[in-house]
1. Quick check for you: with a 1.4 Å probe and neighbouring chains kept, what is the accessible area per residue of the chain, in Å²?
2. With all protein chains present, calculate the accessible area of Tyr98 using a 1.4 Å probe and round the result to the nearest 10 Å².
3. Using a 1.4 angstrom probe on the protein heavy atoms only, line up Ile48, Ile19 by accessible area, largest first.
4. What is the helix-to-structure angle for 100-111, meaning the angle in degrees between its Cα long axis and the longest Cα principal axis of the chain, kept from 0 to 90 and rounded to the nearest 10?
5. Karplus couplings for segment 136-146 from phi (6.51 cos²θ - 1.76 cosθ + 1.60, θ = phi - 60°), rounded to Hz, Gly and Pro as x?
6. For helix 4-18, what angle does its Cα long axis make with the longest principal axis of the chain, in degrees from 0 to 90 and rounded to 10?
7. With semi-axes √(5λ) of the Cα gyration tensor in Å as the read-out, I listed [x] 24, 17, 16; [y] 42, 17, 13; [z] 32, 14, 13; which label goes with the value calculated from this structure?
8. Go through Val15, Ala141, Leu28 and say which Cα lies farthest out towards the positive end of the charge dipole of the chain; charges sit on Cβ, +1 for Lys and Arg, -1 for Asp and Glu.
Amino acid sequence: MRPEGIAVIDDVAAVLEEIGFDPDDSVLTYRQAQVLALRERDVSQADIADALGTSRANVSSIEASARENVAKARETVAFAEALQAPVRVRVPEGTDLYDVPQLVYEACDEAGVKVDHTAPDLMKVVSDAAGNAITGRQVAAPLTVSVSAEGVVRVRHQE
């Protein structure tokens, strides 16, 4: 009978293979993907370290690097989508959040793009995506709201 840790590692290897993970086409190494997959299954860093024959500190470092790489990849995708979006609205610092939907709707009308969000929904999308760039009802840091040809709204801000 195999130790439990090995079975968990084998299970994750099967999952990575099933979803088509290829480290040659990814921003993650195989080990980073393995650690993230295990952590997503609520396996502790100590248990992962035991199964992989390494230290918990090393697993922690691998996980932190993996999460940073994922965040950078998401930012890169958001940047590429913003470049391709037919609608980009610059929202200056100090703008009232309640004014943002009208700015977006006007730009979308001009570009012939349909947005499937009511004004309150659009304010929530912007506020949620902007995080600390929105304080109360005020835009605290400049935002760029982009809308794809399909009406998908993305928000970018400088931290």
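1. It amounts to 61 Å² per residue over the chain.
2. Counting only protein heavy atoms, the figure is 130 Å².
3. Accessible-area ranking of Ile48, Ile19, largest first: Ile19, Ile48.
4. The angle comes out near 80 degrees.
5. After applying 6.51 cos²θ - 1.76 cosθ + 1.60, I find x, 9, 9, 6, 8, 9, x, 10, 10, 9, 10 Hz.
6. Once rounded, one gets 40 degrees.
7. Identified label for the calculated read-out: [y].
8. Ala141
The values are calculated or read from the model by the stated rules, or taken from the named source; none is laboratory data. Keep in mind the model is a prediction, meaning the values are calculated, not measured. Glycine gets a Cβ as well: all are built from the backbone with ideal geometry, and neighbour counts include every protein chain shown. Just so you know, the surface numbers come from the protein's heavy atoms only, side chains and all, with ligands and any DNA or RNA stripped out. Shrake-Rupley method; radii C 1.70, N 1.55, O 1.52, S 1.80 Å.
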